[in-house]
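The values are calculated or read from the model by the stated rules, or taken from the named source; none is laboratory data. Worth saying up front: this structure is predicted, and the values here are computed from it rather than measured. Cβ placement follows ideal geometry from the backbone for every residue including glycine, while neighbour counts extend to all protein chains displayed.
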DNA sequence: CTATACTTACTAATGAATCAGTAATAAAAG
DNA sequence: CTTTTATTACTGATTCATTAGTAAGTATAG
């Protein structure tokens, strides 16, 4: 029996989606250029990945001169949520607070970020109170 | 040109590591049993994955009767860190605080957890001051 | 000691994913 | 209109990852 086809974005697909999310609708050449320093890929390789993403319904394209300009359809927020759920399940025993703690340890937050997070946490504490 | 071999744990490998991390040193049968409800896999499939993990140096085994009992060598904390780094890069523009905010929105923290997190953040704010 | 049951070791099959080349196409330049 | 050039569409190669079967080995039970 073979492996099952992946339900989530594959590594190559994710790499490309990331570019589209970050720099907005892009042509093949623009994606290649952005990826080049990190992962040098042939023009047609990226083209193929974009075609697959389009087949899967994650992106779209419009004509732009003789080229195609690709737009994301898959919402980044949704992708983030499913990624977070995966991480919680696989690495943090489904404990959001444990994950929060580890994040705090990992990324050194500057004072401004800490202040904003404390405010966000304070806001989180409020809406729990119903009525009055 | 072929695909590059993956540097991180693959999906199947991660699934097995997760079991070993959660329930401690286990035999093949124990791993299969734990995985069964979620993903029914043949005994030998899990055995193969364990062999690969051992070849890669991520786990170890000791004899137990006629069976092998597998132990993790790869530290879970280290795996968590590299997973977090990957997530930060791919989904959260390398902003830990952004990731934390999204995590707060997603995983509902209970009041007790929020309180502890606020304390932890408060402590994080202090050590920045050098001397006196 | 022999038979039984369980476990491992080895091997193979298969499709998934990734990478890229060649041919066709369409726009742009002359 | 013709030539050049950029781009896409199609196709193929490669190997990785996953799955599991068969044979060999080893402990346990009778």
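Please find, within region B:4-28, the residue that is farthest from the other protein chains (Cβ to nearest Cβ) out of those that are more than 17 Å from residue A:90 (Cα to Cα) and in contact with a helix residue (DSSP H, G or I) (Cβ under 7 Å, 6 or more places away or on another chain). The extreme case among them is B:28. In region B:1-81, counting only helices (runs of 4 or more DSSP H) that sit wholly within it, the ones holding 1 or more residues that are within 13 Å of DNA strand D (Cβ to nearest atom), over 25 Å from residue A:87 (Cβ atoms) and modelled with pLDDT of 95 or more span B:28-35, B:43-55. With respect to residue A:119, determine if the residue is loosely packed, with under 11 Cβ neighbours inside 10 Å, over 16 Å from the mean Cα position of the chain (by Cα) and assigned to a helix (DSSP H, G or I). Taking the combined requirement at face value, the residue satisfies it. Residues of region B:29-42 that are within 14 Å of residue B:61 (Cβ to Cβ) and surrounded by fewer than 18 Cβ atoms within 10 Å (Cβ to Cβ): B:29 alone. Of the residues making up region B:75-86, those that are touching a helix residue (DSSP H, G or I) at 6+ places or on another chain (Cβ under 7 Å) and surrounded by fewer than 19 Cβ atoms within 10 Å (Cβ to Cβ) are B:76, B:81. The sole residue among B:98, B:74, B:84, B:88 that is in contact with a strand residue (DSSP E or B) (Cβ under 9 Å, 6 or more places away or on another chain), within 14 Å of another protein chain (Cβ to nearest Cβ) and closer than 26 Å to residue A:10 by Cβ is B:74.
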